[in-house]
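The values are calculated or read from the model by the stated rules, or taken from the named source; none is laboratory data. Just so you know, these numbers come straight off a predicted model, no measurement behind them. With ideal geometry, Cβ positions are generated from the backbone for all residues, glycine too; neighbour counts draw on all protein chains shown. All accessible areas refer to the heavy atoms of the entire protein, side chains included, with ligands and DNA or RNA removed. Shrake-Rupley method; radii C 1.70, N 1.55, O 1.52, S 1.80 Å.
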Amino acid sequence: MAESMKGLHRTHRCAELGTAQVGETVTVMGWVQKSRNKGGIIFVDLRDRSGILQLIFEEADCRADNFQKAEKLRSEFVVAAVGKVEKRSGAVNANLATGEIEIRVSEVRILSEAQTPPFPIEADSRTKEEMRLKYRFLDLRRPDIQSKLMLRSQVATKVRAVLAEEGFLEIETPILIKSTPEGARDYLVPSRVHQGKFYALPQSPQLFKQLLMCSGYDRYFQIAKCFRDEDLRADRQPEFTQIDMEMSFVDVDDVIAVNERLLQKVFKDAIGLEIELPLPRMTWQEAMDRFGSDKPDTRFGMELNDVSEVVRGCGFGVFTGALEKGGSVRGINAKGQGQMPRKKIDALVEFAKGYGAKGLAYAAVQPDGSVKSSFAKFMTEEQMKALLDAMEAEPGDLLLFAADQNKVVWDVLGSLRLEIAKNLELFDKNQFRFLWVTEFPLLEWSEEQGRFVAMHHPFTMPMEEDLDKLDSDPGAVRAKAYDIVLNGTELGGGSVRIFQADVQEKMFEVLGFTKEQAKERFGFLLDAFQYGVPPHAGLAYGFDRLMMLMTGADSIREVIAFPKVKDASDLMTNAPDVVDQVQLEELGIEITAEEEE
């Protein structure tokens, strides 16, 4: 039967105790990790968020009722214990922060009994994730999950402190907003009062933070909840958190400088990592040409090599055909992998097809310098030698080539490069390599919509020297946009915003919006711009991604307290779920069953 903690006051968390407290009488509370009855003496490991502490009950010097209660203790019982801190009578446990001490208990109270949990509450659980998420309230007790969420709290606190020092104001923006369907799908919320009309949940605070700049707040930030109804992917969440900011009277270098100082201080204080400033920068074009990715992992080499001119006019139709259609031929050199079995090479070919490749050409340089290749018979010795030289090939190397339109070639080789590096463990998981990627294309062509769409959003400023291309060559216009990348993951991104009415009108025109459509979607922002708007720019970090990388977690679900699975459902609460008919009637909503064909 559960007891009250009346009259007791916790003096310490478990791992706050050490040899400095030997001789003191303390009160601790927590969950039983395990209990060991040695006959006349019982050892209990007590756990709270700080760690584990050993309690000892000896029948000879313990009140009978207390010893009887100790005999009942099972895993996950919640208890309060009063006792004296002593040096361990047995061997010191070097694996515990409290491994040199134990508490000789004089009083114990069972505050709550527990059923046997469906899986062990321990670090590095091997339990299937579906089971862990169904019982997330138990999974959250595991020490490794708790340490990640505690670090997340520390980072949020540090971010707030650093940005306050930098002159930022924390201002909350609305959650119920107007839908502006440009980008990912919105989550919609029906209005009871205005039937037939809907709010949207924000994909980001973008428009409101720009309005705050119009309102003179100069520097804004927010740790903001955002929502996107995106297609299913294993490591995406329908609701996620951003560290969001906007600044007035700044340009690219100002935003980057503030954020480098923020990253330096947060990483140093949170995980002891020294970041040397300034961080390296690379243009989008260079990143794509060298790594096939706009978020390159620079912890290892194996860079892309454009060999289009070397193979132009050769006898291999796959290469020449791609070049005739305006594409390119590029390759990567997997050093020392020339003896890779054909089965593994075939697996890489299938992997490449998943990224749009029609196939993959390869050449394996043997230890004696001879070449085994899928296309050697189509090339002369001189052509093959020129190709090997261009790839800086040595005996024992494996060369892999893709030939297609640039976007396909970049996707294929960029992904292949990462897959090989992962399989061969070419990078140090404990290394942190930051990179700014700058000068993104302003626009990208959408085959689906038959028009240019904004690569970031419609308020991104073109680079001044490219403004004249908005009419003549929109696809060549570069944006004053920048991403911060860490170990091949985009941590955050931002841009300088358009603040001139004529440039904004031109942008909407290029995107295919009529003046009426622009007014309908973004009228409140455009109205604000008529009353004096400062030059402004901003950036937003994916807080969940940041914490995943800082903690070394394999998934963002490990650093979110109550995550959803890849179909956007919550296994613990069974959300989303049906609602009462009365609620639907109040909203003027009727559910129509879809007829089977």
Say the cut-off is 28 Å between C-alpha atoms; which of K6/K34; K209/K295; K87/K148; K295/K469; K34/K84 go over it? K87/K148
What nm value, rounded to one decimal, do you get for the distance between K87 and D471 when each label is placed 7 Å out toward the C-beta? 8.7 nm
Hey, can you rank 569-579, 372-382 by average C-beta count inside 10 Å, highest first? 372-382, 569-579
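Quick one: dipole size for the chain, taken about the Cα centre, charges +1 on Lys/Arg Cβ and -1 on Asp/Glu Cβ, in debye to the nearest 20.
Numbers: 75 positive and 97 negative charges, 450 e Å.
Around 2160 debye, computed over the chain.
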Point-to-point label distance, R233-D124, nm (Cα→Cβ direction, 7 Å offset): 3.0 nm
Using a 1.4 angstrom probe, figure out how much accessible area the chain has per residue, in square angstrom, rounded to the nearest whole. 51 Å²
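Scan region 301-368 for trypsin sites (Lys or Arg not before Pro) in coil per DSSP, keeping those whose Cβ has at most 11 other Cβ atoms within 10 Å, and list them by number. It would help to have the intermediate numbers written out before the result.
On the way: sites: R312, K325, R330, K335, R342, K343, K344, K353, K358; in loops: R312, K325, K335, K358.
For trypsin sites (Lys or Arg not before Pro) across region 301-368 that sit outside H, G, I, E and B with at most 11 neighbouring Cβ atoms in 10 Å, the list reads K325.
Show me the ranking of peptides 14-26, 100-112, 189-201 by mean Cβ neighbours inside 10 Å, starting with the highest. Don't jump to the answer; show the numbers that get you there.
Details: 14-26: 15.2, 100-112: 19.2, 189-201: 13.5.
Ranking the peptides 14-26, 100-112, 189-201 by packing returns 100-112, 14-26, 189-201.
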Just the number, please: carbon plus sulfur as a percent of the accessible area of region 20-176, 1.4 Å probe, no ligands or DNA/RNA counted. 49 percent
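How high is the FRET efficiency from E509 to R185, r the C-beta distance, R0 30 Å, rounded to 0.05?
Numbers: r = 25 Å, r/R0 = 0.83.
E between E509 and R185, to the nearest 0.05, is 0.75.
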How many angstrom lie between the Cα centre of region 502-571 and the Cα centre of region 330-356? 37 Å
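Does region 32-124 classify as rounded, prolate or oblate by the C-alpha gyration tensor (a ≥ b ≥ c root eigenvalues; a/c under 1.5 gives rounded; else a/b over b/c gives prolate, otherwise oblate)? Please list the in-between numbers first.
Values: a/c = 1.74, a/b = 1.08, b/c = 1.61.
The shape class here is oblate.
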Between D389 and W445, what is the label-to-label distance in nm when each label sits 7 Å out along the Cα-to-Cβ direction? 3.6 nm
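Give the calculated FRET efficiency between E58 and E100 to the nearest 0.05, with a Förster radius of 22 Å applied to their Cβ-Cβ distance. Mind showing how you got there, number by number?
Numbers: r = 19 Å, r/R0 = 0.87.
Efficiency, rounded to the nearest 0.05: 0.70.
When the chain is fully extended, how far beyond the present Cα-Cα distance does E286 get from K358, taking 0.36 nm per residue of separation? All intermediate terms of the calculation are to be shown ahead of the outcome.
Working: separation 72, 0.36 × 72 = 25.92 nm, distance 2.50 nm.
Result for the pair: 23.4 nm of gain on full extension.
Does region 1-85 classify as rounded, prolate or oblate by the C-alpha gyration tensor (a ≥ b ≥ c root eigenvalues; a/c under 1.5 gives rounded; else a/b over b/c gives prolate, otherwise oblate)?
On the way: a/c = 1.36, a/b = 1.25, b/c = 1.09.
Rounded, because the longest to shortest axis ratio a/c is under 1.5.
If you take every DSSP beta bridge fully contained in the chain, what fraction is antiparallel? Give it as a percent rounded to 5. Intermediate results must be reported in sequence, preceding the final value.
Working: 91 of 98 bridges.
DSSP beta bridges in the chain are roughly 95 percent antiparallel.
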Apply the a/c threshold of 1.5 to the C-alpha gyration tensor of region 426-530 and tell me whether it is rounded, prolate or oblate. prolate
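Taking a temperature of 37 °C and a viscosity of 0.692 mPa s, what whole-number D in µm²/s does Stokes-Einstein yield for region 101-184 with Rh from Kirkwood over alpha carbon pairs?
Working: Rh = 18.0 Å.
D, rounded to a whole number, is 182 µm²/s.
Let me check I have the definition right: for region 251-293, take the eigenvalues of the Cα gyration tensor, multiply each by 5, take square roots. What are those semi-axes in whole Å, largest first? If you can, show how the numbers build up before the last one.
On the way: eigenvalues 120, 42, 10 Å².
Over the Cα atoms of region 251-293, the ellipsoid semi-axes are 24, 15, 7 Å.
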Hey, can you grab everything whose amide H is under 5 Å from the amide H of S373? Only 5+ residues off in sequence or another chain; H modelled, so Pro and N-termini drop out. A364
I'm checking a number: the convex hull volume of the Cα atoms of region 348-424, normalised per residue, in Å³. What is it? 100 Å³
Rounded to the nearest Å, what's the spacing between the alpha carbon centres of region 372-410 and region 43-82? Just the number, please. 69 Å
Convex hull volume of the Cα atoms in the chain, per residue, in Å³? 246 Å³
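Assuming R0 = 51 Å, what is the FRET efficiency of L151 and E71, from their Cβ-Cβ distance, to the nearest 0.05? Each step should come with its number before you reach the end.
Working: r = 38 Å, r/R0 = 0.74.
Efficiency, rounded to the nearest 0.05: 0.85.
On the accessible surface of region 452-587, probed at 1.4 Å, how many percent belong to carbon and sulfur atoms? Walk me through the intermediate numbers first.
Values: 3140 of 6130 Å².
Ligands and nucleic acids excluded, carbon and sulfur give 51 percent.
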